[in-house]
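Chemist: Here it is, the structure in full.
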Amino acid sequence: MTSSNNDVVALAQRLLACPSVTPATGPVFAEMEAMLAPLGFTVDRFVVGEAPDGPVENLLAWRTTGAGPHFAFAGHLDVVPPGPGWASDPFAPEIRGDLLYGRGAVDMKGSIAAFVAALADLPDDLPGTISLIITGDEEGPAVYGTLALMDRMAARELRPDMCLVGEPTSSQRLGDVVKIGRRGSVNMWIKVSGSQGHVAYPHLADNPIPKLVRILTAIEAEVLDEGTDWFQPSNIEITDLDVGNAAHNVIPGAATARISIRFNDQHSGASLIERIKAIAATEGGTVEARISGESFLTQPGAFSDLISGAIRDVTGIDTELSTTGGTSDARFLSRLCPVAEFGLNNATMHKLDEAVAVQDLRDLQRIYALVLERALG
Ligand SMILES: [Zn+2]
C-alpha cells in the first residue's frame, strides 16, 4: 500500500494550490486537516479576529502515543501577496527543472509539507505527544495567530517540552543555519516642543531643533552592549527626523524624530524605553514607544544538538547556530519551552517566482523524521 501522505512534493503542491494571502482562512486549513486526520491527529481549527487584521484561521493538532516527551512543530500557512510578474501562476504550483514554484514554497508551506511527510513514515510506537501549531497570521500583524494558539493550548493543557519552528533559516545550502534566538525590536518617537516665532526675534521663541539634535547626539553616543557569545551588539538607528517647517523665517514649534532599536538578551523593550526617556528628558523631550518583540535565546544544548545532528546525518553539513535576522513567532513560543527554528533555503522568500529545490524538500523530510525519532525515542 502506498500513502500519498509521505510524498512531500505532492503534499507541498496541495498546500501551494490554495491561495492564502495573509490573513488566511479556509481551504488551505481544510487541506491541512485532511492530511493530519488520517495520521491519527485530533485537529482543532478556529477563526478569530475581524477586519482589517482578521479574520484569521488557526489550527492546533495533536496525537499522543503513551507517556513521553511532547514535541511541537510550529509554522504558518499564510503567505505574502505574490504581486504581478510571476512566470507562472503563483497559486498553481509548477515543477520546472529541479525547482517547485509557488508562493509559499519556502516560506513556509514546503517545510510544513516536509513535517507532515515525516510524520507519515514515523514508527507508530514512539512514546510521547506530537503537536502542530499552525497559524494563518504570521506575515501580517500576528495579533490573532500564535498568541491565540498558545491560549488554546493552555486551555487544553497542551504544554510542549520543545518546539521546532519551520521558518526558512537556511542561507546557502539546506541545513547551514539553525536559529536559536532572535533579537528584540522596539520603535520610539521622540518629540520636543518649543515655541513658534519669527527668526528675527529668537528671544520671543523657543527653538526645539537644537534640543532634539542634542538628544539624538546623546543617543548616537550610547553603547548598549558589546554583544554576547550568541548575539551581535544591540543597535540604535535613527530612522526619521521631522520638523515640517516650510518657511525660512519661522522658528518651528515642534520637532520629532524616530529611532528603531534591535536588541539582544541584555535588554528588554521596557528597559530601553526608560533609557531613551531619561536622555530625552534632559532637553524636555517626550517619548512614545512600541515594542514589536522581545529578544529570546534558547541556550545551545540538547535540543540544538538534536537538530544539528540530524542535519549532519542527512546532508553532511555542520550547522551554524545563529540569532540574526528579524523577529518571528518563535519569540512567543519561547515562553513555553526551548525553541529552535530550522527550515528551507530562504533565498527566494517573499520574492517573485519563489521556489524550492525538490531535493531540499526530500532532505528536509528526512531531517525532520530523524529529529522526531530521536526526540521521542
Ligand atoms: Zn515565514
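Chemist: Which one of Asp329, Asp353 is over 30 Å from Ile215 (Cβ atoms), within 22 Å of the chain's Cα centre (by Cα), of a type in the set (Asp, Glu) and within 16 Å of the ligand (Cβ to nearest atom)?
Modeler: Answer to the selection: Asp329.
Chemist: Does Ala281 count as of a type outside the set (D, E, K, R) and either outside the structural domain of Pro141 (by TED's automatic domain parsing) or closer than 30 Å to Pro208 by Cα (or both)?
Modeler: yes
Chemist: Can you report the number of residues in region 293-327 which are among the aromatic types (Phe, Trp, Tyr) and assigned to a helix (DSSP H, G or I)? Walk me through how you get there before you give the answer.
Modeler: We begin by selecting, within region 293-327, every residue among the aromatic types (Phe, Trp, Tyr); these are 296, 303.
Those left that are additionally assigned to a helix (DSSP H, G or I): 303.
Summing the residues that are among the aromatic types (Phe, Trp, Tyr) and assigned to a helix (DSSP H, G or I) in region 293-327 gives 1.
Chemist: At least 2 residues that are within 16 Å of the ligand (Cβ to nearest atom) and surrounded by 18 or more Cβ atoms within 10 Å (Cβ to Cβ) in each: list the strands (runs of 3 or more DSSP E) lying fully within region 103-219 that qualify. Reasoning before the result, please.
Modeler: Details: elements: 128-135, 162-165, 177-179, 184-193.
Fully inside region 103-219 and qualifying: 128-135, 162-165, 177-179.
Chemist: Check region 342-360 and report whether any residue there is of a type in the set (S, T, N, Q), in contact with a strand residue (DSSP E or B) (Cβ under 7 Å, 6 or more places away or on another chain) and either closer than 26 Å to Phe263 by Cα or outside the structural domain of Gly83 (by TED's automatic domain parsing) (or both).
Modeler: Yes, that holds for at least one residue.
Chemist: Here is a further query. Just give me the residues in region 58-88 being within 16 Å of the ligand (Cβ to nearest atom) and either among the aromatic types (Phe, Trp, Tyr) or crowded, with 16+ Cβ neighbours inside 10 Å (or both), in sequence order.
Modeler: Of everything in region 58-88, those that are within 16 Å of the ligand (Cβ to nearest atom) and either among the aromatic types (Phe, Trp, Tyr) or crowded, with 16+ Cβ neighbours inside 10 Å (or both) turn out to be Asn58, Leu59, Phe73, Ala74, Gly75, His76, Leu77, Asp78, Val79, Val80, Pro82.
The values are calculated or read from the model by the stated rules, or taken from the named source; none is laboratory data. If you're wondering where the values come from, they're calculated on a predicted model, not measured in any experiment. When we count neighbours, we look across all protein chains shown, and the Cβ atoms used for this are built from the backbone with ideal geometry, even at glycine.
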